[in-house]
Amino acid sequence: MVRFGHQRGDPGCIARSEWPTAGVAQPSLRSTRHAAVRRTPPTPVIRQLRQEVGFGCPVDGCGSPYLTWHHFDPAWRDEQHHRPEGMIALCVEHAAKADGGAFTDDQLRTLKREGRVHAEAAKGRFDWMRRDLLAVVGGNFYYRCPVVVQIGERNVIWFTRDDAGSLLLNFWMPTASGQERARILENFWVVPPAIRDLECPPSGKRIHVHYANGDETRVEFFEINSLAELIKRYPETGSIVRGAAINWPITGVELWEKAPGTQIEFGPTVTRVGGVQISGSFMSDIGGAGIHIDLPPGVGGLAFHDQDIVLSDMVAADNSILDRMSFRGCRIYGPAVLVPVGGTELKNSNLGGPPQAILWPLPDLQAIVGGVVASGCVFDGCEFFNVGFGMPPDQIPAIRADLTKGG
């Protein structure tokens with residue numbers, strides 16, 4: 001079920017290209033004595049350099065995702081070229097040091113060769129701290145909406161404030177495929193290493209993640225000085241905010257994302273949720289969520305198939321919740337007490353013991369200490385070993401009867 005907040009304007013779809021394509025002619029990779037080579041390398045070369053180092057500066061102890069490039073074999077001053085074998089992606093600081101001779105050619109080749117092997121998740125922070133923001137999500141505008149999108153009881157795109165009153169962006173997108181996706185917590189972002197590309201310019205205003213299956217995540221902060229500038233940037237939709245009580249100039253934050261395996265997409269110009277499309281709408285001063293979506297259990301979290309799962313390995317001291325995960329044909333091991341909440345489903349599974357031993361009555365599911373909470377999860381065709389199940393006392397007789405009948 002989908003619920004939309006108060007909207008102004010026509011929520012219809014805008015017929016416009018969804019994802020921008022790089023249909024720009026690229027310069028030759030070879031230089032000549034008669035033709036100057038642009039200082040900026042062609043897009044395929046930049047992408048290759050980023051991939052080689054795992055999307056982070058490969059200098060030991062650095063890992064900065066804000067990358068530029070350095071020519072070393074030969075140096076740019078000796079020959080203007082864009083041959084990737086003689087270039088390396090580095091952060092701005094280490095590129096400047098490389099220009100000054102801090103690294104030998106052999107050291108740079110080693111960094112190119114081993115950079116991806118040692119790469120971890122790329123991490124960074126948006127340093128755009130503002131008391132007021134205009135959010136542009138899936139072709140729609142949100143102003144003074146603390147929660148832009150909510151799925152079930154979980155916020156997906158939302159804002160919090162720090163002690164100084166600055167708005168901080170948060171982003172978590174569900175996935176039915178179990179693939180890790182980029183996420184943002186109070187302006188700090190994390191991108192998993194298993195991606196095709198990450199564009200993250202040194203300005204720090206944008207990240208653009210390209211996944212192996214063709215999906216994308218893009219977040220960008222930008223300044224808007226007036227309504228006219230907004231309309232220039234969004235010629236087909238920007239005028240919808242005309243007359244709104246927005247204090248110009250204002251900072252905007254634009255977000256695109258497609259959730260794999262689901263019918264949820266926040267594209268550059270349109271939001272798609274199931275069979276519903278909404279674009280060119282303006283929502284402001286909403287008490288609840290701008291858009292609320294209900295998804296079935298097991299959609300939105302990691303997915304596990306035919307694996308051995310130790311419950312204690314799935315949680316941390318500060319987070320004991322399995323959120324919207326799916327387990328199919330898995331062996332689930334304790335010792336642990338699993339507490340199913342939020343519509344969690346146990347289907348076609350062997351719970352591993354007599355009902356009187358494995359069913360634990362918990363009168364108050366809002367006050368759980370020491371248990372592993374499964375919220376909106378699905379366990380299908382699984383076997384449980386040394387696991388108890390905490391649940392409301394009034395549900396136990398029916399479950400006990402089903403287990404006895406099944407046995």
### Task
Filter the range 307-330 down to residues that are more than 21 Å from Phe385 (Cα to Cα) and free of Cβ contacts under 8 Å to residues at least 60 places away in the same chain and give me whichever is surrounded by the most Cβ atoms within 10 Å (Cβ to Cβ).
Asn319
### Task
Scan the range 82-91 and give yes if some residue there is surrounded by fewer than 16 Cβ atoms within 10 Å (Cβ to Cβ) and either touching a Cys at 6+ places or on another chain (Cβ under 9 Å) or outside the structural domain of Glu254 (by TED's automatic domain parsing) (or both), otherwise no.
yes
### Task
Kindly indicate whether His70 is touching a helix residue (DSSP H, G or I) at 6+ places or on another chain (Cβ under 6 Å), assigned to a loop (DSSP other than H, G, I, E, B), free of Cβ contacts under 8 Å to residues at least 60 places away in the same chain and more than 28 Å from Glu186 (Cβ to Cβ).
no
### Task
With respect to Arg109, determine if the residue is exposed (fewer than 13 other Cβ atoms within 10 Å of the Cβ) and of a type in the set (Lys, Arg).
no
### Message
Quick test of your reading of the structure: Phe222 fulfils all but one of (1) at pLDDT 90 or above; (2) assigned to a strand (DSSP E or B); (3) over 20 Å from the mean Cα position of the chain (by Cα). Name the failing condition by number.
### Response
(3)
### Task
Return yes when Gly370 is under 30 Å from the mean Cα position of the chain (by Cα) and outside any strand (DSSP E or B) and no when it is not.
yes
### Task
Within the range 120-165, count every residue that is of a type in the set (Phe, Trp, Tyr) and not in a strand (DSSP E or B).
2
## Note on the structure
Reported set for the range 293-343 where residues are at pLDDT 90 or above and in a loop (DSSP other than H, G, I, E, B) is Asp306, Gln307, Gly329, Cys330
#### Entry: Search result, residues across the range 96-110 that are out of contact with any Asp or Glu (no Cβ under 9 Å at 6 or more places or on another chain) and either among the basic types (Lys, Arg) or part of a helix (DSSP H, G or I) (or both)
Ala96, Lys97, Ala98, Asp99, Asp106, Gln107, Thr110
### Query
Can you tell me which of Phe304, Phe266 is of a type outside the set (S, T, N, Q), farther than 30 Å from Cys145 by Cβ and touching a residue at least 60 places away in the same chain (Cβ under 8 Å)?
Phe304
### Task
Quick one: in the range 155-194, of everything that is β-branched (Val, Ile, Thr) and at pLDDT 85 or above, which residue is surrounded by the most Cβ atoms within 10 Å (Cβ to Cβ)?
Ile157
### Query
Among the residues of the range 284-299, is any in contact with a Ser or Thr (Cβ under 9 Å, 6 or more places away or on another chain), touching a residue at least 24 places away in the same chain (Cβ under 8 Å), surrounded by fewer than 18 Cβ atoms within 10 Å (Cβ to Cβ) and assigned by TED's automatic domain parsing to the domain that holds Trp189?
no
### Message
Can you tell me which residue is farthest from Asp380 (Cα to Cα) among those in the range 344-359 that are of a type outside the set (A, V, I, L, M) and assigned to a loop (DSSP other than H, G, I, E, B)?
### Response
Pro354
### Message
Being touching a strand residue (DSSP E or B) at 6+ places or on another chain (Cβ under 7 Å) and either surrounded by 15 or more Cβ atoms within 10 Å (Cβ to Cβ) or not assigned by TED's automatic domain parsing to the domain that holds Phe171 (or both) narrows it down to one residue among Glu229, Glu220; which is it?
### Response
Glu220
### Message
So in the range 225-258, with the set limited to residues that are free of Cβ contacts under 8 Å to residues at least 40 places away in the same chain and in a loop (DSSP other than H, G, I, E, B), which one is farthest from the chain's Cα centre (by Cα)?
### Response
Gly243
### Query
Taking the range 210-259, which residues are in contact with a Lys or Arg (Cβ under 8 Å, 6 or more places away or on another chain), of a type in the set (Ser, Thr, Tyr) and more than 21 Å from Arg272 (Cα to Cα)?
Thr251
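The values are calculated or read from the model by the stated rules, or taken from the named source; none is laboratory data. Quantities reported herein were computed from a predicted structural model and do not represent experimental measurements. Note: ideal-geometry Cβ built from the backbone for every residue, glycine included; neighbour counts use all protein chains shown.
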